[in-house]
Amino acid sequence: MGKTRDFKNLTYSSIEFIVNPLITILITPLLLKMLGAEFYGSWILMGSLVAILSVTNLGVSSSVVKFGSAYLETQDYLSFNRVLRFTMALCLLIGVGTTVLLYLLGPSLLFLFQNVTGETGEQIVAATRVLGAVVGVKIISSVFAAVCMAHHRYDVLNKTNMLVNVVTNLMSVVLVYFGFKLLGLVVLMLLMSVGAAGFQYMIGRRLSPELNYTPRWDREASRTVLGYGMYSWLQVISSVIYTQMDRVIISSILGPAALGIYSVCMQLAAKLHEIPAAAGAFLFPKFSSLRESGNMEELKKVYIFANKIVILAVTALSVPMFLYAESILTVWISPEFAAEAFTLLRLLIVGVASGTVAIVAFYYLNGTEYVKLNTGINFGTSAATLLGSLLLVPLLGIPGAAFSRMLGFPIGVGARVFIEFRLMGLKLKLLLGTLIPPVCLFLLSGLWVFWTGGPSAGTLISLLLQLAAAGTVVLILIGVLLFGMDILSLRIGRLRKREREEAV
């Protein structure tokens, strides 16, 4: 049952992060054309503000996942309810407070939108007042989602997220077509957030009818929730800094129009991290359960296999995107946009891909009681990225944000060194085996692009076929390098065992 659940979680996580990018790819050119760069960049920043302000939940929903998963193993619903009810009380308080505060402070956020015109400014003020309600709903719904995660039902969440994303994106195009702008889009976001929260609540009730969601302040439960959740919250803050603050910096220094260009490229590049991170989210409770049961050998096997799969998937996706960056933007947006932004896209691909080196390490450290260390690592990565953006964006413009994303790579490698050397005793085999092949392939791709300009495709069909062919070649090449020796060693071992049996 456990392997079946893991397979379903992985499958639906992967499907979600195939469907969502496809929808984004389809609607981005439409929204960019209908809204214009300034309004589009402002809309993107609205989404970033939701993500940034959602960290006000103090990370307590992760405590529901962590402790709820353990309580369900022993069917200790009394302890689970104490944690759940306190978390509901705290999130309700924070959600309402955030909603009211953002409504009052809406006009004060205009400084984040440099060089906006009068119409855009009016829309921003009205939209930010409603944005507070979106944040409040998401803070409360994070508890409902955490209950599903504690049951290892990531497949349910993935289905919900897919439906909400598809409907939201399609309705966004319809609203913009009929003349609605920022305010209409934020109201739509609020309605979809409420619908998703209600559905997740109903699923949680069906999974465990014994659970009680009635808010209740519990001092003992607060120690449990905040003791773990505080470090998880700091990790969320560092993650938000890493994924969202570059947008805020670009908008506040260069303006929403520049952010619009950056966001279009980042929407593609970010998927290189989002897809494996979301697909591997089930590893957190998996590592936690294996640690609790003392099955350290299986824990090591899962860690090794997961690292290889992540590197394989990221390399097979990123190298073809890097090679065909100009053609992708030409076919997707326009030749004029591609001429302006293809170098930025290549830089972002390298920066984002380098950040995937520690995805599995992140889940491993959180699931095996190294949350404090993981918090420090995440803050180090985010601080390097934030400082890099603050220094490089004024000097280099938009590409400065792309370069800043490469600064966290050494920190990610250091996290893996700690796990694989000190905790697992794997020495250099896994680390070098998963880093050298993709790094060498990127260097060769960079030299090819530098000397020849790289491959090109003029039509959508041609581009898709060439991307598929390049991805397949990379997949086979890196797959052989990552798994070939293991398969060969396994076959040699079986042959030797058979020879010994025949000799006897």
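Things worth noting here:
- Computed with a 1.4 Å probe over protein heavy atoms only, the accessible surface of the chain comes to 45 Å² per residue.
- Listed by number, the DSSP H helices of the chain that run 24 Å or longer by alpha-carbon position along their axis and have mean Kyte hydropathy of at least -0.5 are 2-53, 77-105, 118-150, 154-177, 182-207, 219-254, 256-279, 296-323, 335-354, 371-396, 429-452, 460-503.
- Violating pairs (Cα-Cα greater than 29 angstrom) within the set LYS159/LYS427; LYS286/LYS308; LYS271/LYS372; LYS66/LYS301: LYS159/LYS427
- Take each peptide in 454-465, 162-173, 323-334, count the other Cβ atoms within 10 Å of every residue, and average; sorted highest first, the result is 323-334, 162-173, 454-465.
- For LYS286, the accessible surface of its heavy atoms amounts to roughly 50 Å² (probe 1.4 Å, protein chains only, rounded to the nearest 10).
- Full extension of the segment from ARG206 to GLU340, taken as 0.36 nm per residue of separation minus the current Cα-Cα distance, would add 43.1 nm.
- Computed from the C-beta positions of LEU460 and LEU390, the FRET efficiency with R₀ = 56 Å rounds to 0.90.
- Working from label points 7 Å from Cα in the Cα-to-Cβ sense, the LEU22 to LEU170 distance is 1.3 nm.
- Spatial offset of region 131-189 relative to region 207-252 amounts to 18 Å, using the alpha carbon center of each.
- Kirkwood hydrodynamic radius over Cα pairs of region 31-164, then Stokes diffusion coefficient at 25 °C and 0.890 mPa s, in µm²/s: 147
- Between PHE483 and LYS427, the simple spin-label model (points 7 angstrom out along Cα→Cβ) gives 2.5 nm.
- Share of pairwise Cα-Cα distances greater than 21 Å in region 309-404 is 48 percent (whole percent).
The values are calculated or read from the model by the stated rules, or taken from the named source; none is laboratory data. Since the model is a prediction, treat every value here as computed from it, not as a measurement. Neighbour counts are summed over all protein chains in view; Cβ atoms, including those assigned to glycine, are modelled from backbone coordinates with ideal geometry. Accessible surface areas use protein heavy atoms only, side chains included; no ligands, DNA or RNA. Shrake-Rupley method; radii C 1.70, N 1.55, O 1.52, S 1.80 Å.
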